Amino acid sequence: MEEILKTLNSSQLSAVKEVENPVLILAGAGSGKTRTITARLAYLIGEIGIDPANTLTLTFTNKAATQMRERALSILKEADINIVYPPLLCTFHKFGLLFLKFHIDKLGRKNNFVVIDSDDKKRIIKSFEVELPASFVANEISKYKNSFITPAMAAEQITQFQYKIVASIYERYQEYLVSNNLVDFDDLLTLTYQILCENGELCSQISDRYQYIMVDEYQDTNELQYRLLKKLCTNHSNLCVVGDDDQSIYGWRGANIKNILEFATVFENTKIIKLEDNYRSTEEILRAANDLIEHNRSRLGKVLKSTQGSGENILFLESSDENQEASIIASKVKKLIDKGISPKNIAILYRVNALSRSLEEGLNKMRVPYKMVGGVKFYERAEIKDIICYFRLITNPHDDYSFRRVINRPKRGIGKVTIDKLERLANDKKLSIYNFIIENKDDVLENSNKKSSSAFVEFVENLQTMQELAQNSTYDLIDEMENIFKVREYYSELPDGVDRALNIDEFYGLFRDYIVQNPDTTIDMFLNEISLQSEQDQIDGDSISIMSVHASKGLEFDHLFVIGLEEGFFPLLGEGNDIEEERRLGYVAITRAKKELTLSCSKSRFYKGKRADLFKSRFLNEAGICKGTLKIDKSSEYKKGDLVKHKIFGMGRVTAVMKSKGDLKLSINFGGNQRDIMSSFVEKI
């Protein structure tokens, strides 16, 4: 064991040996976090003599759990330490599953329950024949459960009409689960927490059993997971959490950054250990990452230090538009591959999925093989396929495949049984569904309920309107299509609506641009053009990776490109977006690079369906890459190093902050002249 511990740096060693009371390990990107956790677990078992059965290590993915278990057991084997039973190392939800198998009877339920997945959940919701999208309802129910809101509470507290409907579905859904002895993914934790809350003696027993608890990626925990950990620590405070507040990027799905920021306040006598030695990236890359993240206020603070030494300067690219950007980057990637660089060591990241469209086309033209990690290629996304099907119906209304695909997108209250019946009637008369409805309106009305029949007829009449418009004004087609069918509006209301709406905007912008470039074109010609672009040539060999920044977390690449660094795209701005989380995303993106990093922006892109001039991202300025967009921040919080603006003295940098009679007095360096100014007389930049 001593030989193994010698391979750790001083901070890692401190984290391993700190085994009593709460411990917060702030593990910077590339700082050997997994190695530290596994060494600590092995140290507890092999050096301190803790029974593996008294340890519990919680992760967020099965892959991480398996990897850590194998590493910890390998360390113990290397140290000649034999154990009968391995330590429990699993995801939060696997722990909940194991717990419920033993204790769900406390809720009057049987332990032979079946866990349903997200598809099962949506199918159950769809069986209630509701108008709202099943994915939207499923997401809202998940939010209620993770916020400890019961069906009864939801019905009583919610007043908005649409959410009243969700609350009633939630009640039916929960009754269905209980009556069929089913448990969904959220129940694995909510029911576990409920049982621990209602059974004090059992809670005490479980806490005594798991005397040493470790949690990986603690910055990604939500309120429910935090409360569950508090219950597990009822009789002790031996909780060690590992995470990085600067990499908390999942607020949109419930992660609460306060869990890590306030850990030392909630758990008394916490020992904070920072892992700041980075074994991944060069000094130049880490300098940009440190400079960028320093602009966040909601952080505990650390500075990454490179063990790799100096490397290449960060390359900054500015293109006229997204097509030039894609062409330049594809060309650079091709040169790297031609030089013998393995494609698997190259990646391209973007904040907004819609940006993959031009990128995919640029890579296809250069015959660069790529794989999309954790996402779907642009033309394969459901919302884009739907728009294409609408276009196909406008140019060829007898396309039954497209008709069936979009007849209920948006929802029109037409069930599968009804559409199947109508299709059989059309086939019997050797007609398309479209023609059958036109020629047999009476039959349609007779063979389906009033709501369905009127929806069919209205849909066909709307298609006829669109066909007439397409013959006169192709450019205005999209606006009218949205007015009539409201596809974008439908998708924008889904849980991932922001991304889907941006994808649709990108497609609409592409269509408008194509019409401008080819005034005499037809919809057929446009559809044929994109069908050629949407299929990547099958090229043998390895592929480079393209992905969103979210999908890149935990990965690393020798050669990295980050595109779309403009205001509105990265950072993504608008309602519900947190600029500090956007900055953390920027930090995550930069720290994926090992040797070479290229940051790219464009002067124009399709924005909200139309080509727009754009400004460089503020992040480029904050990271010290180039002069970017300066933004005035109205926050009343100030810290040393902040850049501020005074109406007389101009721009200056804060050198000290002092409290003074309910306000803040700032010492500010204005180009060499030091002045003390009250904070209310300056603006933060």
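The values are calculated or read from the model by the stated rules, or taken from the named source; none is laboratory data. Predicted model only: the values in this text are computed from it and were never measured. For neighbour counting, all protein chains shown are included, and Cβ atoms are generated from backbone atoms with ideal geometry for every residue, glycine included. To get the accessible areas, we keep the full protein, side chains included, count just its heavy atoms, and leave off ligands, DNA and RNA. Shrake-Rupley method; radii C 1.70, N 1.55, O 1.52, S 1.80 Å.
List of remarks:
- For segment 63-80, 3J(HN,Hα) per residue [Karplus equation, 6.51 cos²θ - 1.76 cosθ + 1.60, θ = phi - 60°, Hz, x = Gly/Pro]: 4, 5, 4, 5, 4, 5, 4, 5, 5, 5, 5, 5, 5, 5, 5, 4, 8, 6
- FRET efficiency, 1/(1 + (r/R0)^6) with R0 56 Å, evaluated for residue 181 and residue 279 via beta carbons: 0.70
- Accessible area per residue in Å² at 1.4 Å probe, computed on segment 274-373: 42 Å²
- Coarse-grained scattering of the chain at q = 0.07, 0.08, 0.12 Å⁻¹, given as base-10 log I(q)/I(0) from a Debye sum over alpha-carbon atoms: -0.60, -0.78, -1.43
- An ellipsoid equivalent to segment 236-380, defined through the eigenvalues of its Cα gyration tensor, has semi-axes of 37, 20, 14 Å when rounded to whole angstrom and sorted largest first.
- Nearest 10 degrees, 0 to 90: helix 187-198 Cα axis against the chain principal axis: 50 degrees
- In summary, segment 152-305 shows an alpha-carbon radius of gyration equal to 1.35 times the 2.2 N^0.38 Å reference for compact globular proteins.
- Applying a threshold of 22 Å to the alpha-carbon distances of 258/594; 33/594; 63/94; 603/627; 385/421 flags 258/594; 385/421 as lying beyond it.
- Placing a pseudo-label 7 Å from each Cα along the Cα-to-Cβ vector at residue 669 and residue 237 gives an inter-label distance of 4.0 nm.
- Pairs of C-alpha atoms in segment 1-148 farther apart than 29 Å represent 37 percent of all such pairs.
- Potential extension, residue 308-residue 197 segment - 0.36 nm per residue separation minus Cα distance: 35.1 nm
- Viscosity 1.567 mPa s, 4 °C: Kirkwood-radius Stokes-Einstein D of segment 263-329 over Cα pairs, µm²/s: 85 µm²/s
- Full extension of the segment from residue 168 to residue 9, taken as 0.36 nm per residue of separation minus the current Cα-Cα distance, would add 51.6 nm.
- Ratio of Rg to Rh over segment 111-171 (Cα coordinates, Kirkwood Rh, two decimals): 0.98
- Fraction of accessible area attributable to carbon and sulfur, the chain (%, probe 1.4 Å): 47 percent
- The simple spin-label model puts a point 7 Å past each Cα toward its Cβ; for residue 472 and residue 112 those points are separated by 6.8 nm.
- Normalised contact order of the chain, rounded percent, pairs of Cα under 8 Å and 6 or more residues apart: 15 percent
- Counting only alpha carbon atoms, the long axis of helix 356-365 and the longest principal axis of the chain meet at about 80°.
- Segment 549-601: radius of gyration and largest Cα-Cα distance (Dmax), Å: 11.4, 36
- Annotation: the antiparallel percentage among DSSP beta bridges lying fully within the chain is about 35.
- Contact order for segment 455-528, expressed relative to its length and based on alpha carbon pairs under 8 Å spaced 6+ residues apart, stands at 26 percent.
- Note on residue 458 and residue 385: their simple-model spin labels are 2.6 nm apart, each label 7 Å out from Cα toward Cβ.
- Computed [θ] at 222 nm, helices only, for the chain once each DSSP H run of length n ≥ 4 contributes -39500 (n - 2.57): -14000 deg cm²/dmol
- Simple point charges give the picture: +1 on the Cβ of Lys and Arg, -1 on the Cβ of Asp and Glu, and for the chain a dipole about the Cα centre of about 1380 debye.
- At q = 0.13 Å⁻¹, base-10 log of I(q)/I(0) for segment 213-304 (Debye sum, equal scatterers on each alpha carbon): -0.49
- Within segment 558-587, backbone nitrogen closer than 16 Å to the virtual label 7 Å beyond the Cα of residue 344 toward Cβ: 558-559
- Surrounding net charge for residue 211, when Lys and Arg each add one and Asp and Glu each subtract one, Cβ distance under 15 Å: 0
- By average C-beta atoms within 10 angstrom, highest first, the peptides 408-418, 394-404, 494-504: 494-504, 394-404, 408-418
- Sites residue 62 and residue 318, calculated FRET efficiency, Cβ-Cβ separation with R0 30 Å, nearest 0.05: 0.10
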